[in-house]
Amino acid sequence: MSNQGELLASSSGTTGIPAAAGQARKRMVTFVKGALLPVTLLIVWQLLGDAGFISKLLFPTPARIGTAGYNLVVSGELWENLRISIVRAISGFVLGASLGLAFGIMVGLFRGSERTLDPSVQMIRMVPHLAVAPLFILWFGLGETSKILLIAKGAFFPLYINAFLGIRNADNKLFEVAKVLGFSRYKQLVRLVIPAALPNLLLGVRISLGIAWLGLVVAELMGSTSGIGYLMSDARQFSKTPVVFVCIIIFALVGKVADSAVRLLERKWLHGRDSFQGQ
């Protein structure tokens, strides 16, 4: 009997090892495929720059950009400005996304709220960031308040819309069953509304993060004395093109990391969905 148990344990262990190795190999292949295009572009870019076919002032080579980034890291200037930008982005995102979620749920659940609030919200949504940025500066000055509110404006609408759509796309029979079971409003929200709207909510979070990051760029470029946007604007004024490219890369990398974190939550929380994964 003990021999059979040892045999089963050893067989399950041996089958687990190839499965893990296969998953690791699959992730490696995916990474290589994704890195193929950008690595090729960087190599071609470097070769064209060294050969003098492109302007080193307007398009500095990847080697010069890497050197500029290294100098910013060593001096500590990059980390300090990045920390300030991340704090601003998180503060604005939390404010805007939480309000967007609350208003989206309220408008999605109650038709009266939809008729009262949604037309005004949709009208404000069409106002561009650059149009309201001067007003925010006039009203709140050049301090942190105007920047955080500008970021919050961008983060509000994606979650508002996706929370509304997630609730309205839920099966109406679920709400009828909740009424029969006598669910309270809170219980209905926690056990029915949020789980039913979760795919849309996570999509809204992804879009809100991206727009909040874009709002940060607008806020820091229009009036700031710190942050990655300020660092980029200052480098532009003094024709430090490699530093401008470093700041652009930082914006892209941090945005990608934030988006990947939300996608990881999607895979974890929505793993049970049998959805199309592409061919």
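No value in this document is a laboratory result; all are computed from the given coordinates. Just so it is clear, the model here is predicted, and its values are computed rather than measured. Every residue, glycine as well, gets a Cβ built from its backbone with ideal geometry; the counts of neighbours run over all protein chains shown.
Tabulated data for the structure shown
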quantity	calculated
Within-13-Å neighbourhood charge of Gln188 [Cβ basis; K, R +1; D, E -1]	+3
Total formal charge among the other residues, if their Cβ is under 12 angstrom from that of Pro158, Lys/Arg +1 and Asp/Glu -1	+3
The chain: calculated mean residue ellipticity at 222 nm from DSSP helix runs of at least 4, using -39500 (n - 2.57)	-28500 deg cm²/dmol
The chain: most fluctuating residue of Gly182, Gly112, Gly204 per GNM, C-alpha cutoff 10 Å	Gly182
Lys pairs under 24 Å by Cα in the chain, provided they are eight or more residues apart or on distinct chains	11
Taking Phe156, Phe136, Phe59 and counting other C-beta atoms within 10 Å, the order from fewest to most	Phe59, Phe136, Phe156
Listed residues Leu41, Leu149, Leu231, most fluctuating in the chain (Gaussian network, C-alpha, under 10 Å)	Leu41
Part-to-part distance (alpha-carbon centres) for the range 18-61 and the range 152-223, which is given in Å	36 Å
Overall dimensions of the chain as given by Cα atoms, namely Rg and Dmax in Å	24.7, 81
Relative contact order for the range 164-242, counting Cα pairs under 8 Å that sit 6 or more residues apart, in percent	25 percent
Burial ordering of Arg206, Arg88, fewest other beta-carbon atoms within 10 Å first	Arg206, Arg88
The chain: relative contact order as a whole-number percent, Cα under 8 Å and 6+ apart	21 percent
